[in-house]
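Colleague: Have a look at this one.
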């Protein structure tokens, strides 16, 4: 046991040393020490990173919707099975709650998809409005419109 603990401590130490050596110049504070430079470095480090495509977002959405559907069916079936066991009614409550779970799951998926669609349309409308506003300001700034 003593050998395994020593090996684990060695791995932890190596991991810490590797994490310290991975720090890049971009993450290190500027050497001049001015507040403005340090503030800009902190803003760059904490700035939101741009998305690398929509595949990850689409996969996450698909996983969420499928999990909503499956969990509703499993919950309905489990509730029906438990009530059948409690009351001794055979498969009737299992069947009833199984189909109610399917219906609830489908309604959850539809509700979630509609909410995501509305959010996407609102984002599109906002970006379109922003582009039109900047175009109007540009026209007024150039003297094209009085």
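Please treat every number below as a calculation from the coordinates, not as lab data. Only a predicted model underlies this, so the values are computations on that prediction, with no experimental measurement involved.
Colleague: On full extension of the chain, what length is gained from residue 67 through residue 34, given 0.36 nm per residue of separation minus the C-alpha to C-alpha distance?
Modeller: Numbers: separation 33, 0.36 × 33 = 11.88 nm, distance 5.06 nm.
So the extension gain works out to 6.8 nm.
Colleague: Fully extended, how many nm does the chain gain between residue 106 and residue 119 (0.36 nm per residue separation, minus their Cα-Cα distance)? Write out the running numbers ahead of the final one.
Modeller: Numbers: separation 13, 0.36 × 13 = 4.68 nm, distance 2.00 nm.
Stretched out fully, the residue 106 to residue 119 stretch lengthens by 2.7 nm.
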